[in-house]
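Report on the following structure.
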Amino acid sequence: HKAFHDELTGLKNRSMVFAEVENALVESEFSGTIVGVFFLDLNDFKQVNDVLGHDIGDGVLKETAIRLSKSVRSNDGVYRIGGDEFILLFKNIDKESDIDDIAKHICSAFKLPMLINDQRVSVFPSIGISISPDDANTCEDLFRLADMAMYEAKKDELCMYKRFDKNMLAEDSDLTSKNGISCYATELKSP
């Protein structure tokens, strides 16, 4: 269990995500459905740790895991891949417009503050979304594009999530050098 699950949150970890996304992609080819990959991280999480302490930070991560798990269907996946970064896998989506509904539902889970050790903490995610088959057909590309979209969401103070858009590729070379996206897929693969 420890090899495949995050010790703090109990969520599946990075060692599970590649195999499960690959399986979802194969299933979607046969069923003609959409696969959605959401890359999520918590805004200003470092400040939570620095100002309120690591106990509160750990509590925020646990509560985030609970809120995300309650926001997905039983056949979808929630993974903590490290720090304050999470991946959500949505399988068997019938139509593209459902992706926005799912994203809004995830965002609404963070509207209320968290109560951690009698301390109210407001934490908001930035979410990047990529879908197959429209954006990409491999795990590595879906993760890279969702990660790229997540950085765009971070820049936009009015929106908690962004769908990948081909215009984001123009900035890919800048993002690769600044944020290490090029090695992101490799890092995820290694347990």
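Miscellaneous remarks
- Taking the conditions (1) part of a helix (DSSP H, G or I); (2) open to solvent by 40 Å² or more (accessible area, probe 1.4 Å) in turn, Lys111 satisfies each one other than (1).
- Test: residue in region 25-34 that is surrounded by 13 or more Cβ atoms within 10 Å (Cβ to Cβ) and in a loop (DSSP other than H, G, I, E, B): yes
- Taken as a whole, the structure leaves Asp94 outside the set of residues that are at pLDDT below 95 and over 30 Å from Pro133 (Cβ atoms).
- One residue from Lys46, Lys62 being free of Cβ contacts under 8 Å to residues at least 40 places away in the same chain and surrounded by fewer than 20 Cβ atoms within 10 Å (Cβ to Cβ): Lys46
- Scan of region 101-146 for residues that are under 14 Å from Phe39 (Cβ atoms) and charged (D, E, K, R), ordered by number: Asp135, Glu140, Asp141, Arg144
- Across region 74-90, not a single residue is classified as more than 14 Å from the chain's Cα centre (by Cα), surrounded by 13 or more Cβ atoms within 10 Å (Cβ to Cβ) and not polar (S, T, N, Q).
- Set side by side, the residues Phe18, Phe38 differ, and just one is in a helix (DSSP H, G or I), under 17 Å from the mean Cα position of the chain (by Cα) and in contact (Cβ under 8 Å) with a residue 12 or more places away in the chain, which is Phe18.
- Of all residues making up region 11-42, the number that are at pLDDT below 95, closer than 30 Å to Val60 by Cα and among the small types (Gly, Ala, Ser): 2
The values are calculated or read from the model by the stated rules, or taken from the named source; none is laboratory data. Worth saying up front: this structure is predicted, and the values here are computed from it rather than measured. Virtual Cβ from ideal backbone geometry, glycine too; neighbours counted across all protein chains shown. We work out accessible area using only protein heavy atoms, side chains counted, and drop any ligands, DNA or RNA first. Shrake-Rupley method; radii C 1.70, N 1.55, O 1.52, S 1.80 Å.
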